[in-house]
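Report on the structure given below.
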Amino acid sequence: MADVVIMTDSNSGMTQEEGEKYGVEILPMSFIINGKIYYEGMDIGHEEFMRKLEEDAQVSTSQPAPGEVLERWDKLLKRHDEVVYIPMSGALSKSCETAQMLAQDYGGRVQVVDSRRVSVPQKMMVMDGIALAKEGKSAVEIKTLLDDSAMDCAIYIAVDTLKYLKRGGRITGAAAAVGAMLNIKPILLMKGQKLDAYEKARGMKSARRIMLKAVRGELEGQFKEYADRGEVCLQMAHTCVDQELIMDWESKIREEFPELELEAAPLPLCTACHIGANGLGIGITRRIRS
């Protein structure tokens with residue numbers, strides 16, 4: 001039986017402490033803030049990052065250097081037989097494609113999974129990988145099973161401020177101004193390899209209702225068979241600092257879906273820098289772990 005170790009990146013929302021707890025290697029994402037490099041979960045956390053955004057700091061993201069990825073794989077393969085690497089969706093970053101190319105030189109000992117996810121749903125895939133490794137599955141078998149389940153996920157995110165979508169060029173300045181005046185809150189949907197606009201709400205209360213209704217529709221549609229077998233779990237995420245807002249959103253989800261497992265965490269910084277403060281998210285995924 002092969003000794004397989006799971007590796008992911010901090011875009012999963014998995015902390016270094018959780019990595020130590022579960023035996024997972026966490027590659028921290030780097031950010032350049034006002035000219036200084038920071039590493040997620042190492043020397044900058046969620047609250048400090050959100051404060052810097054609110055202070056209009058100049059923030060840019062950076063892909064992991066290929067050399068850093070290779071160095072971690074080489075170290076892991078000195079202690080383990082195989083590595084399964086689960087980075088953020090290839091639709092959102094070129095880092096997954098780069099890793100897949102780098103893995104070709106490892107003779108099958110490194111398998112890279114395109115999670116098609118980010119944030120807590122990506123973390124759920126990592127947890128599935130851990131369970132499959134404990135069952136004695138090989139890296140190839142784990143990759144195959146995770147690839148098969150990757151599309152069984154939907155993530156809805158409500159954006160409270162249009163400032164960062166404007167800054168990133170996703171909407172025009174005029175659209176942002178009109179949207180702010182009308183209290184428009186865009187809801188984004190990530191499903192498979194696409195991140196698209198889902199709907200526009202007038203205010204965050206309306207946005208939350210729309211997202212909960214959308215997840216109910218998923219449960220009665222694409223995920224019905226999995227839900228009937230008890231294979232569905234929910235994820236709640238946010239870019240909030242205010243604990244009352246966080247607890248209120250989590251409470252609303254638990255009230256609406258009391259029968260389902262719920263995992264909660266802040267959105268990773270790569271997403272937060274495009275969403276801004278007080279964004280709310282909910283994800284639904286099929287769980288394949290035992």
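The values are calculated or read from the model by the stated rules, or taken from the named source; none is laboratory data. Predicted model, so just to flag it, every value in this text is computed and none were measured. We place every Cβ from the backbone using ideal geometry, glycine too, and count neighbours over all the protein chains shown. Side chains included, ligands, DNA and RNA excluded: accessible areas come from the protein's heavy atoms. Shrake-Rupley method; radii C 1.70, N 1.55, O 1.52, S 1.80 Å.
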Using only the Cα atoms of the range 1-159, construct the convex hull and provide its projected area averaged over every direction, in square nanometres to one decimal.
9.7 nm²
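Sorted by mean Cβ packing within 10 Å, highest first, what order do the peptides 98-107, 203-212, 152-161, 9-18 take?
152-161, 9-18, 203-212, 98-107
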Please work out the FRET efficiency for the pair Q58 and E135, using the Cβ-Cβ distance as r and a Förster radius of 51 Å; give the result to the nearest 0.05.
0.65
Anisotropy class of the range 1-95 from Cα gyration tensor, a/c 1.5 cut
prolate
M1: net charge of surrounding residues, Cβ under 14 Å, Lys/Arg +1, Asp/Glu -1, itself excluded?
-3
Tell me the relative contact order for the chain as a rounded percent, counting alpha carbon contacts under 8 Å between residues six or more apart.
21 percent
Quote the FRET efficiency, to the nearest 0.05, computed for E68 versus E244 with a Förster distance R0 of 45 Å and r equal to the Cβ-Cβ distance.
0.70
Once the other residues with Cβ under 13 Å from the Cβ of V24 are scored (Lys, Arg +1; Asp, Glu -1), what is the net sum?
-2
For the range 105-118, what does the Karplus curve 6.51 cos²θ - 1.76 cosθ + 1.60, with θ = phi - 60°, yield as ³J(HN,Hα) per residue in whole Hz, taken in order and with x for Gly and Pro?
8, 10, x, x, 6, 10, 10, 10, 9, 7, 5, 6, 9, 8
Global geometry of the range 227-290, whether rounded, prolate or oblate, following the gyration tensor of its Cα atoms and the 1.5 cut on a/c
oblate
Once Lys and Arg get +1 and Asp and Glu get -1 on their Cβ, which of S119, S138, L212 lies farthest toward the positive end of the dipole of the chain?
L212
Could you check how much of the accessible area of the chain is carbon and sulfur, as a whole percent, using a 1.4 Å probe?
50 percent
Whether the range 65-154 is rounded, prolate or oblate, judged on the alpha carbon gyration tensor where a/c under 1.5 counts as rounded
oblate
What is the mean projected area of the alpha carbon convex hull for the chain, to one decimal in square nanometres?
14.8 nm²
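With +1 on the Cβ of every Lys and Arg and -1 on the Cβ of every Asp and Glu, and nothing else charged, how large is the dipole of the range 190-290 about its Cα centre, in debye rounded to the nearest 20?
So the magnitude is around 360 debye.
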Taking a probe of 1.4 Å, how large is the accessible area per residue of the chain, in Å²?
46 Å²
What number, in percent, do you get for the relative contact order of the range 1-145 if the mean sequence gap of Cα pairs under 8 Å and at least 6 apart is divided by its residue count?
31 percent
Taking the chain as a Gaussian network, where each spring joins two C-alpha atoms under 10 Å apart, which residue of G221, G279, G19 fluctuates the most?
G221
What full-extension length gain, to one decimal in nm, is calculated for E20 and R216 as 0.36 nm per residue of separation minus the Cα-Cα distance?
67.1 nm
Calculated log₁₀ intensity ratio I(q)/I(0) where the Debye formula runs over C-alpha points of the range 36-89, q = 0.20 Å⁻¹:
-0.87
Expected max-MSF residue from V69, V24, V113 in the GNM of the chain (alpha carbon, under 10 Å) is V69
